[in-house]
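Student: Starting off with a structure, shown below.
The values are calculated or read from the model by the stated rules, or taken from the named source; none is laboratory data. These numbers come from a predicted model, not from an experiment. Backbone-built Cβ (ideal geometry, glycine too); neighbour counts: all protein chains shown. Calculation scope for accessible area: heavy atoms of the full protein, side chains included, ligands and nucleic acids excluded. Shrake-Rupley method; radii C 1.70, N 1.55, O 1.52, S 1.80 Å.
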Amino acid sequence: MYAVVRRYEGTDMSRHDEMFREVGEGFLPTLAESPGFIGYYFVDAGDGVTASIGIFETQQAAEDSTHAAADYIREQNMQDILPKPPQVIAGEVRVHKVRAGALA
């Protein structure tokens, strides 16, 4: 299992609702259908910082998700909302635990 974290700085705070809606209704449904997808979270960290956390079965699927995110931002003209490229951290998940019955 692999995880990829993308941290975006300089997010246009006045368009947060629009951005979260677009990601939830546009990007996520497509990502969820991609091979190797396990889970995805998009986090509002405040002060113009957002982050996504994706969990995938393979390293290739995790890498593909980063390319898909960049393509989506470009295709949907979201560069003004997310003006800076993300800082990307990716790697093999070595330890994890999910509480039984927890919300995914």
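Student: Run through every distinct alpha carbon pair of the chain and return the Kirkwood hydrodynamic radius in angstroms, one decimal place. Walk me through the numbers before you get to the answer.
Tutor: Values: mean 1/r = 0.0705 Å⁻¹.
One decimal place: 14.2 Å for the Kirkwood radius.
Student: Using a 7 Å offset from the Cα along the Cα-to-Cβ direction at both ALA100 and GLU33, what is the distance between the two label points in nm, to one decimal?
Tutor: 3.5 nm
Student: Output the peptides 95-101, 3-9 sorted from most to least packed, where packing is the average of other Cβ atoms within 10 Å over each peptide's residues. Walk me through the intermediate numbers first.
Tutor: Values: 95-101: 5.7, 3-9: 18.9.
Sorting 95-101, 3-9 by mean packing, highest first, produces 3-9, 95-101.
Student: Which whole-number percent is the relative contact order of the stretch 24-104 (Cα, under 8 Å, 6+ apart)? Mind showing how you got there, number by number?
Tutor: Working: 52 pairs, mean separation 17.4, N = 81.
Here the relative contact order equals 21 percent.
Student: What net charge is computed for the residues neighbouring HIS16, neighbours being all others with C-beta under 12 Å from the C-beta of HIS16, Lys and Arg scored +1, Asp and Glu -1? Could the numbers behind the result be given before it?
Tutor: Values: positive: ARG15, ARG21; negative: ASP12, ASP17, GLU18, GLU22, ASP44, ASP47.
It works out to a net charge of -4.
Student: Continuing with this model, one more query. Considering the dipole of the chain built from charges on the beta carbon (Lys and Arg +1, Asp and Glu -1) around the Cα centre, which of ALA100, THR66, ALA3 is farthest to its positive end?
Tutor: My answer, from the dipole projection, is ALA100.
Student: Give the Debye-formula value of log10 I(q)/I(0) at each listed q (0.28, 0.32, 0.33 Å⁻¹), with one equal scatterer per alpha carbon of the stretch 58-104, two decimals each.
Tutor: So the normalised log intensities work out to -1.02, -1.15, -1.19.
Student: Assigning unit charges at the beta carbon (Lys, Arg +1; Asp, Glu -1) and nothing else, what dipole magnitude in debye, to the nearest 20, does the stretch 1-100 show about its Cα centre?
Tutor: Values: 9 positive and 16 negative charges, 92 e Å.
Using only the charged Cβ atoms, the result is roughly 440 debye.
Student: In square angstrom, rounded to the nearest 10, how much accessible surface does PHE37 have for a 1.4 Å probe?
Tutor: 50 Å²
Student: If you don't mind, another one. Note down, for the stretch 30-69, the three equivalent ellipsoid semi-axes (square root of 5 times each alpha carbon gyration tensor eigenvalue), biggest first, whole angstrom. Walk me through the numbers before you get to the answer.
Tutor: Values: eigenvalues 90, 17, 14 Å².
Rounded to whole Å, the semi-axes are 21, 9, 8.
Student: On to the next question. For the stretch 1-94, with the dipole built from +1 on Lys and Arg beta-carbon atoms and -1 on Asp and Glu ones, taken about the Cα centre, which of PRO35, ILE55, LEU82 lies farthest toward the positive end?
Tutor: Positive-most Cα among the choices belongs to ILE55.
Student: Between the stretch 1-48 and the stretch 51-91, what is the separation of their alpha carbon centroids in Å?
Tutor: Using only Cα atoms to place each centre, the spacing works out to 8 Å.
Student: Where does the charge balance sit around HIS67 when Lys and Arg score +1, Asp and Glu -1, over other residues with C-beta under 15 Å from its C-beta? Could you put the intermediate results ahead of the total?
Tutor: Values: positive: ARG6, ARG74; negative: GLU63, ASP64, ASP71, GLU75.
Neighbourhood net charge equals -2.
Student: To continue, here is another question. Taking the 0 to 90 degree range and rounding to the nearest ten, how far is the long axis of helix 59-75 tilted relative to the main principal axis of the chain, both from C-alpha atoms?
Tutor: That works out to roughly 20 degrees.
Student: Right, here's the next one. From the phi angles alone, apply the Karplus equation (6.51, -1.76, 1.60; θ = phi - 60°) to the stretch 88-96 and give each ³J(HN,Hα) in whole Hz, x where the residue is Gly or Pro.
Tutor: My calculation for the stretch 88-96 gives 10, 10, 9, x, 6, 7, 9, 9, 7 Hz in order.
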